[in-house]
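Below you'll find the structure, written out as structure tokens, and then a few comments.
The values are calculated or read from the model by the stated rules, or taken from the named source; none is laboratory data. Keep in mind it's a predicted model, so treat the numbers as computed, not measured. Cβ placement follows ideal geometry from the backbone for every residue including glycine, while neighbour counts extend to all protein chains displayed. Just the protein is used for accessible areas: all its heavy atoms, side chains included, with ligands, DNA and RNA removed. Shrake-Rupley method; radii C 1.70, N 1.55, O 1.52, S 1.80 Å.
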Amino acid sequence: MIPGFVEDFDEFVRARGDALLRYGFVLAGSSEDAADLVQEALARLGDAWPRVRKKHDPEGYVRTTMVRLHIRSWRRRRREDLVATVPERGELDRYGDADLWAELQELPRKQRAVLVLRYYEDLSDIEIAEILGVSRGTVRSQAARALDKLRIKRVLQEAR
């Protein structure tokens, strides 16, 4: 990193670090995974800081990197995370609404990513498609399927 840019980078991390952690939590579902996403994305930003800083959107770079890292990780896994014992009670995380996260967590990861980018980041279908590396139609169909699943679940809960 160029010496003159180090202070700018540190200032960016201090100013936007908490917001990036919240964003990572919404994507990944846990504080630990969110911290890993942020750390890796910031490491990549540090390497590219002089170039990215000139484009005046370092946060967009980090968020896009976080989404891509998240997608890459679940493409590799594509299986459940198994644990030895089931905890007696869930722990609420400091970054989010537990009910909202519980509903989002039941969605497939790609659908969850589309909803986060659309409603949390307020991105257009074209921007989401570019970030995820899919077509605009895929974004729209994934969002529609995710919202249908959430609606059906809510209707079933209200019928009880």
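Some values worked out for this structure:
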{"read-out": "Test: residue 45 is touching a Phe, Trp or Tyr at 6+ places or on another chain (Cβ under 8 Å), open to solvent by less than 20 Å² (accessible area, probe 1.4 Å) and modelled with pLDDT under 90", "value": "yes"}
{"read-out": "Any hit, region 110-121, residues being over 20 Å from residue 22 (Cβ atoms) and either of a type in the set (Asp, Glu) or open to solvent by 30 Å² or more (accessible area, probe 1.4 Å) (or both)", "value": "yes"}
{"read-out": "Selection status of residue 134, open to solvent by less than 50 Å² (accessible area, probe 1.4 Å), under 18 Å from residue 67 (Cα atoms), modelled with pLDDT of 90 or more and not acidic (Asp, Glu)", "value": "yes"}
{"read-out": "Members of region 99-131 that are hydrophobic (A, V, I, L, M, F, W, C), closer than 12 Å to residue 67 by Cβ and not in a helix (DSSP H, G or I)", "value": "123"}
{"read-out": "Within region 17-34, considering residues that are at pLDDT 90 or above and open to solvent by 30 Å² or more (accessible area, probe 1.4 Å), the one farthest from the chain's Cα centre (by Cα)", "value": "18"}
